[in-house]
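Structure first, commentary second.
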Amino acid sequence: MSNWTTVTEFLLLGFSDTRELQILHFVIFLAAYLAALVGNLLVITAVTTDHHLHSPMYYFLANLSILDLGSISVIVPKSMANSLLNTRTISYDGCVSQVFLLLLFCTAGFALLTIMAYDRYVAICKPLYYEIIMNRRACVQMAAGAWTAGVINSALHTGNTFSLPFCHSNIINQFFCEVPQLLKLSCSDAYRRELAALAFSVFLGLGCFVFIVVSYVQIFTAVWRIPSEQGRQKAFSTCIPHLIVVSLFVSTASIDYTKPVSDSPSPLDLLAAALYCVVPPLMNPVIYSMRNREIQAALRKLQGLSKNNMCIFFS
């Protein structure tokens with residue numbers, strides 16, 4: 001590709017050039033996508049239909065499931081289609097959309113996990129004021145704030161990245177459109193243009209992480225002061241799923257984004273990106289439903305309703 005040629009499409013990196021492995025990649029991603037789709041939709045349906053789950057914690061959990069559905073839907077279906085059709089292309093507009101939406105969902109997801117840590121802090125450290133602090137209006141405003149942070153961060157990175165001319169190549173060394181890989185294709189001094197957006201992302205990410213750590217330091221301090229062992233176990237049981245989800249998100253994101261941007265990525269680089277994009281949306285509903293009796297009860301109700309409806313339909 002010659003310098004300053006207008007780019008109309010990009011070429012993504014495939015997992016393999018062997019047809020059998022392409023089909024295997026399609027099947028694995030399809031299974032993961034369907035499992036994530038079903039799991040998150042079940043959580044959203046349970047929270048919205050069961051009045052026992054109409055509380056701040058489950059309201060934020062439903063929002064997290066929506067974000068998880070969005071993040072996995074931005075990347076996985078396109079990758080599956082490319083493997084099935086034996087192609088690598090993605091249009092310029094499709095790449096812009098992928099970058100914008102993925103950054104939006106991931107940023108808003110981490111901001112929402114921070115809000116969920118605050119919710120647990122208020123519930124355990126200030127239980128008498130919980131209903132006053134975490135009222136309906138405050139919950140809606142906090143959730144809207146998480147989405148707004150996602151939109152701002154995503155707009156900054158997407159605007160800066162795609163305002164640059166691409167002249168080095170149109171080959172992205174990743175199976176989806178990723179900002180660091182796109183910056184390597186630019187002819188200009190891309191990293192200076194990206195500095196403001198990067199500073200905002202670092203400020204937001206570190207701020208959220210520090211807030212979560214401080215919240216849990218205070219939570220654990222308060223829990224250890226609870227005199228009864230049963231009370232401590234009950235308090236811990238409401239925090240453990242959230243801690244596991246945060247750890248999963250931070251660890252997979254760190255593995256993917258702290259590694260150096262390579263001109264010839266290894267299979268491990270692709271695996272790290274796949275883990276970051278697929279594992280959190282897939283595992284989050286499992287983690288939250290495994291140890292939560294209220295969600296399990298709501299899911300059993302849904303299962304009972306679906307069986308009754310099927311009996312009525314076939315009778």
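The values are calculated or read from the model by the stated rules, or taken from the named source; none is laboratory data. Given the structure is predicted, the values throughout are model-derived calculations rather than measurements. In this analysis, Cβ positions are derived from the backbone assuming ideal geometry, glycine residues included, and neighbour counts consider all displayed protein chains. The protein model used for the area step is the full one, side chains on, heavy atoms only, and it has no ligands, DNA or RNA in it. Shrake-Rupley method; radii C 1.70, N 1.55, O 1.52, S 1.80 Å.
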Notebook entry, point to check: Is one or more of the residues making up the stretch 159-176 under 23 Å from Asn63 (Cα atoms) and open to solvent by less than 40 Å² (accessible area, probe 1.4 Å)?
Noted result: no
Item checked: Out of Gly94, Gly109, sole residue that is closer than 22 Å to Leu13 by Cβ and either modelled with pLDDT of 90 or more or open to solvent by less than 40 Å² (accessible area, probe 1.4 Å) (or both) -> Gly94
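Can you confirm whether Met283 is at pLDDT below 80, in contact with a helix residue (DSSP H, G or I) (Cβ under 8 Å, 6 or more places away or on another chain) and open to solvent by 30 Å² or more (accessible area, probe 1.4 Å)?
no
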Notebook entry, point to check: Considering only the stretch 85-123, how many residues are over 24 Å from Leu30 (Cα atoms) and either within 14 Å of the chain's Cα centre (by Cα) or not in a helix (DSSP H, G or I) (or both)?
Noted result: 7
Check: Does at least one position in the stretch 70-82 carry a residue that is in contact with a strand residue (DSSP E or B) (Cβ under 8 Å, 6 or more places away or on another chain) and either under 30 Å from His25 (Cβ atoms) or of a type in the set (S, T, N, Q) (or both)?
Finding: yes
Notebook entry, point to check: If you go through the stretch 147-155 one residue at a time, do you hit one that is hydrophobic (A, V, I, L, M, F, W, C), in contact with a Leu (Cβ under 6 Å, 6 or more places away or on another chain) and farther than 20 Å from Leu64 by Cβ?
Noted result: no
Check: Taking interchain pairs and intrachain pairs at least six residues apart, which have beta carbon atoms under 6 angstrom, with the first residue in the stretch 30-54 and touching a residue at least 40 places away in the same chain (Cβ under 8 Å) and the second of a type in the set (Gly, Ala, Ser)?
Finding: Asn40/Ser65; Val43/Ser65; Ala46/Ala298; Val47/Ala62; Asp50/Ala298; Leu53/Ala298
Margin query: From the list Asn40, Asn82, exactly one residue is open to solvent by less than 30 Å² (accessible area, probe 1.4 Å), part of a helix (DSSP H, G or I), modelled with pLDDT of 90 or more and touching an Asp or Glu at 6+ places or on another chain (Cβ under 7 Å). Which is it?
Written below: Asn40
Notebook entry, point to check: Among the residues of the stretch 196-236, which ones are open to solvent by 40 Å² or more (accessible area, probe 1.4 Å), part of a helix (DSSP H, G or I) and more than 24 Å from Phe105 (Cβ to Cβ)?
Noted result: Val214, Val217, Gln218, Phe220, Thr221, Trp224, Glu229, Gln230, Arg232, Gln233, Lys234, Phe236
Note to self: So, in the stretch 222-259, how many residues would count as being of a type in the set (Phe, Trp, Tyr) and at pLDDT 85 or above?
What the structure shows: 2
